[in-house]
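Q: Please read through the structure below; I'll follow up with questions.
All of the numbers you see were taken from the coordinates with simple rules; none came from a lab. Every value quoted in this text rests on a predicted model; they were computed, and no experiment measured them. Please note: Cβ atoms are built from the backbone with ideal geometry, for glycine as well, and neighbour counts cover all protein chains shown.
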Ligand code: AMP
């Protein structure tokens, strides 16, 4: 199957070509025709599956012959759980909107940045990507109106519910017009998502894309047994001797992330921290630099373990084991994405071993644990 078989416009096909997408991913094969036909959709898919383009492309196609919006009345609303995902989705809309005959303006709005700039820019905006809290603030100040929304997308609905956005989401839904298209994307289906589905979707088509397993097949996982004291130097040893182009390191707390970064920088490895205690400007800047390859090591908390797409990231290192097996899978899933191979290394102490067994069992994969006490870490 090729992208041209969907009936997308020549301009959109050109933009797809510019993105070097040669053929649609499975989710795109399934979702694009459903969305083009104006139907509601429930898609069970992870990030990394290509889900963003699966809704962005048909939405842009369907908007091509629409009349211009009234000021501050958006036509498409995409709700997302995090600021990073908001920016990422907006980038995909922007890259596929280039040179389309009907100009469509996309904006991402989220908390932690100056609201006045967002208020001004919302004057003329067709496609709004928003985190729930900031959207409600903007609605309250009458900076944006939802009465003309034609398509609602909930991206990572399960994560939004987990983060406790349920009430905010209900407030938002209340302001939407009755007649609209609803697209719900979620990595998992639980009771809460089921409820959301029954409230929102009208005779939805359901599709399920199993990417997590495929993704895991692309990731070479290993673990090193070490001690808390030797972790820092082992991390530097691995980064230096393996000559990784880029490394994403996960810690469980913001303090530890800062601490690891400080030590790496002191030892001549260029690194930055990304976590919830950093200002939005710094978070955006670090992620942008890491994506552009300007920072070699990014040390993050689970804030970025989901939803963030980093092209061709060769390795993820778990400096600390996460509590939840799901978080482990999401963390390592930052590598081995979009059909390229990746490596995931976990640093374990004896205390972690039992919990790591549980993680392996839940994941359905065995991971080789290697001793690191023999390594000569002197000078690292
Ligand atoms: P997503 O799941 O939307 O975050 O997408 C994961 C990654 O796959 C992104 O880097 C996309 O640019 C890339 N991607 C999505 N669809 C395709 C495709 N059909 N061909 C090649 N890359 C793609």
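Q: Against the longest principal axis of the chain, how steep is helix 51-63, in degrees 0 to 90 to the nearest 10, with axes from Cα atoms?
A: 20
Q: Related question: For the stretch 236-307 and the stretch 60-110, write down the distance between their C-alpha centroids in whole Å.
A: Computed from Cα coordinates, the inter-centre distance equals 30 Å.
Q: Between residue 103 and residue 281, what is the spin-label point distance in nm, taking each point 7 Å from the Cα along the Cα→C-beta axis?
A: Roughly 2.9 nm, to one decimal.
Q: Cβ neighbours within 10 Å, averaged per peptide: list 106-116, 166-176 in order, most packed at the top.
A: Result, highest mean Cβ count within 10 Å first: 106-116, 166-176.
Q: Any idea what the relative contact order of the stretch 64-149 is, in percent, if you count C-alpha pairs under 8 Å spaced at least 6 apart?
A: Relative contact order here is 45 percent.
Q: Calculate, in nm to one decimal, what residue 19 and residue 68 gain on full extension: separation in residues at 0.36 nm each, minus their alpha carbon distance. Mind dumping the intermediate values first?
A: Numbers: separation 49, 0.36 × 49 = 17.64 nm, distance 2.70 nm.
Extra length from residue 19 to residue 68 when fully extended: 14.9 nm.
Q: In nm, give the distance between the simple-model label positions of residue 174 and residue 289, each being 7 Å from the Cα along the Cα-to-Cβ direction.
A: Placing both labels 7 Å along Cα→Cβ, they lie 4.3 nm apart.
Q: Separate question: Using only the Cα atoms of the stretch 1-51, build the gyration tensor, take square roots of its eigenvalues as a ≥ b ≥ c, and label the shape rounded, prolate or oblate: rounded if a/c is under 1.5, else prolate if a/b is larger than b/c, else oblate. Provide the component values of the computation, followed by the final result.
A: Numbers: a/c = 2.22, a/b = 1.30, b/c = 1.71.
Oblate.
Q: Just to confirm the number: angle between the C-alpha axis of helix 83-97 and the first principal axis of the chain, 0 to 90 degrees, nearest 10?
A: 50
Q: To check you understand DSSP bridge types, tell me what percent of the beta bridges within the stretch 3-209 (both residues inside) are antiparallel, rounded to 5.
A: Percentage antiparallel, nearest 5: 0.
Q: Please give the FRET efficiency for residue 148 paired with residue 222, using the beta carbon to beta carbon distance and R0 = 51 Å, rounded to the nearest 0.05. Mind dumping the intermediate values first?
A: Details: r = 52 Å, r/R0 = 1.03.
For R0 = 51 Å, the calculated efficiency reads 0.45.
Q: Now for a different question. What order do you get for 183-196, 45-58, 3-16 when each peptide is scored by the mean count of other beta carbon atoms within 10 Å, highest first?
A: By packing density, highest mean first, the sequence is 45-58, 183-196, 3-16.
Q: To the nearest 0.05, what FRET efficiency results for residue 39 and residue 371 with a Förster distance of 45 Å applied to their C-beta separation?
A: 0.25
Q: Another question, then. Can you put 202, 378, 355 in order of Cβ neighbours within 10 angstrom, beginning with the fewest?
A: In increasing order of surrounding Cβ atoms, one gets 378, 202, 355.
Q: Report, in degrees rounded to the nearest 10, the 0 to 90 angle that the Cα long axis of helix 254-266 makes with the longest principal axis of the chain.
A: Between the helix axis and the principal axis of the chain, the angle is about 60 degrees.
Q: Right, another one. In deg cm²/dmol and to the nearest 500, what is the mean residue ellipticity at 222 nm of the chain if only DSSP H runs of at least 4 residues count, each as -39500 (n - 2.57), divided by the residue total?
A: -12000 deg cm²/dmol
Q: Here's another thing I want to ask about it. Quick one: compute the contact order of the stretch 243-373, relative version, from alpha carbon pairs under 8 angstrom and 6+ residues apart, as a percent.
A: Relative contact order of the stretch 243-373: 26 percent.
Q: Continuing with the same structure: Please compute the Kirkwood hydrodynamic radius of the chain from all pairs of different C-alpha atoms, in Å with one decimal.
A: 21.9
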